[in-house]
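Structure first, then comments.
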Amino acid sequence: MRFEIVKVTRPLADQWLAMNTRNRKVRPSHVKALANAMRRGEFVPTHQPIAINGTTLIDGQHRLLGFLASGLREIDLPVMFDVSSTSFDVVDTGIRRTMSDSCLADPQVMQPIHMMTQYAFNRRVTARQQYPIYEAVRPLAEKVVSAIPRNVKKFTTAPVRAGVMTAIMAGQDEQKTLALYKEAANLNVENLPPSIAVLAKNIAMDKYRPGDRIPTWAKTYVAFCSENFHFQRVLLKQNTARYDEVVRIFSDYLTRLGVHP
């Protein structure tokens with residue numbers, strides 16, 4: 001095998017991509033994320049190079065497509081030539097590094113922060129972007145995470161925790177909010193205002209789908225705001241204003257902390 005740092009031009013990237021006959025299906029979201037990082041000068045080449053075996057591209061299609069999508073004229077990339085064709089069978093089969101791994105963070109503390117950050121950026125974020133936000137929001141997130149046992153799964157999802165955190169960010173009393181969150185997790189509905197009691201029942205009965213992250217985030221936030229305690233139901237159908245509201249509250253909170261997404 002032969003290793004080089006190659007100044008890759010757009011024609012060369014096209015040439016190598018024409019040799020892409022064995023790779024997995026392209027993931028457009030990953031291409032877009034790489035293109036954005038390259039355009040902002042935040043893309044960092046790693047020890048894993050573009051891999052080429054004669055006339056076959058073994059590894060690197062997303063990086064090359066990201067480069068082309070970035071609009072840049074050239075980029076320096078590590079490239080390994082004369083790679084064995086059998087290496088394709090083991091490329092990218094290791095355990096994927098999570099954002100918590102990259103930031104050396106408590107996963108349960110990171111998850112709601114990372115979810116909110118992605119919506120605030122309206123795109124995938126890099127560990128370099130995420131880390132200062134994590135450090136700034138971590139004290140509040142740790143309080144929410146420690147408010148109830150970590151094994152109360154339905155009430156410890158990222159969207160629910162994000163909703164509780166957002167209510168506090170918006171000015172709700174921290175101690176009272178955390179106490180209500182604990183009562184909700186214990187399903188002590190008789191001790192809860194109507195809005196949170198209904199929310200707790202719906203969460204316990206799995207009425208919120210795992211993929212509905214921002215609706216659950218927004219519903220939890222609305223239910224935990226004292227001016228809404230009288231609500232018997234929290235309906236957000238076709239109501240993107242509430243979605244925009246929770247994102248704005250999070251963004252404003254970061255600004256107050258001196259962190260800018």
Considering only the range 188-229, how many residues are outside any helix (DSSP H, G or I) and in contact with a helix residue (DSSP H, G or I) (Cβ under 6 Å, 6 or more places away or on another chain)? 5
With respect to the numbered conditions (1) in contact (Cβ under 8 Å) with a residue 40 or more places away in the chain; (2) assigned to a helix (DSSP H, G or I); (3) over 29 Å from THR126 (Cα atoms), which one is the sole condition not fulfilled by LEU254? (3)
Could you tell me which numbered condition ARG213 fails, if it satisfies all but one of (1) buried (at least 18 other Cβ atoms within 10 Å of the Cβ); (2) farther than 16 Å from MET116 by Cβ? (2)
Looking for something part of a loop (DSSP other than H, G, I, E, B), farther than 18 Å from TYR253 by Cβ, free of Cβ contacts under 8 Å to residues at least 40 places away in the same chain and not polar (S, T, N, Q) - is there at least one such residue anywhere in the range 134-147? no
I want to confirm something. Restricting to the range 119-133 and keeping residues that are among the charged types (D, E, K, R) and outside any helix (DSSP H, G or I), which single residue is surrounded by the most Cβ atoms within 10 Å (Cβ to Cβ)? ARG124
For the range 170-178, indicate whether the set of residues that are under 22 Å from the mean Cα position of the chain (by Cα), touching a residue at least 60 places away in the same chain (Cβ under 8 Å), in the same structural domain as MET116 (by TED's automatic domain parsing) and surrounded by fewer than 21 Cβ atoms within 10 Å (Cβ to Cβ) is non-empty. yes
Can you pull out the helices (runs of 4 or more DSSP H) entirely within the range 1-86 that have at least 1 residues that are under 29 Å from GLN130 (Cβ atoms) and in contact with a Pro (Cβ under 9 Å, 6 or more places away or on another chain)? 61-70
Of everything in the range 39-61 that's hydrophobic (A, V, I, L, M, F, W, C) and surrounded by 19 or more Cβ atoms within 10 Å (Cβ to Cβ), which residue is nearest to PHE121 (Cα to Cα)? PHE43
Out of all the residues in the range 7-31, which are at pLDDT 90 or above and either basic (Lys, Arg) or within 14 Å of VAL83 (Cβ to Cβ) (or both)? LYS7, ARG10, TRP16, MET19
If we ask which residues in the range 21-38 are touching a strand residue (DSSP E or B) at 6+ places or on another chain (Cβ under 9 Å) and either buried (at least 16 other Cβ atoms within 10 Å of the Cβ) or in contact (Cβ under 8 Å) with a residue 60 or more places away in the chain (or both), their number turns out to be 3
With respect to SER70, determine if the residue is under 21 Å from TRP16 (Cα atoms) and at pLDDT below 85. no
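The values are calculated or read from the model by the stated rules, or taken from the named source; none is laboratory data. Just so we're clear, the structure is a prediction, and the values are computed from it rather than from any experiment. Don't worry about glycine lacking a Cβ; one is built from the backbone with ideal geometry, like all the others, and counts go over all protein chains shown.
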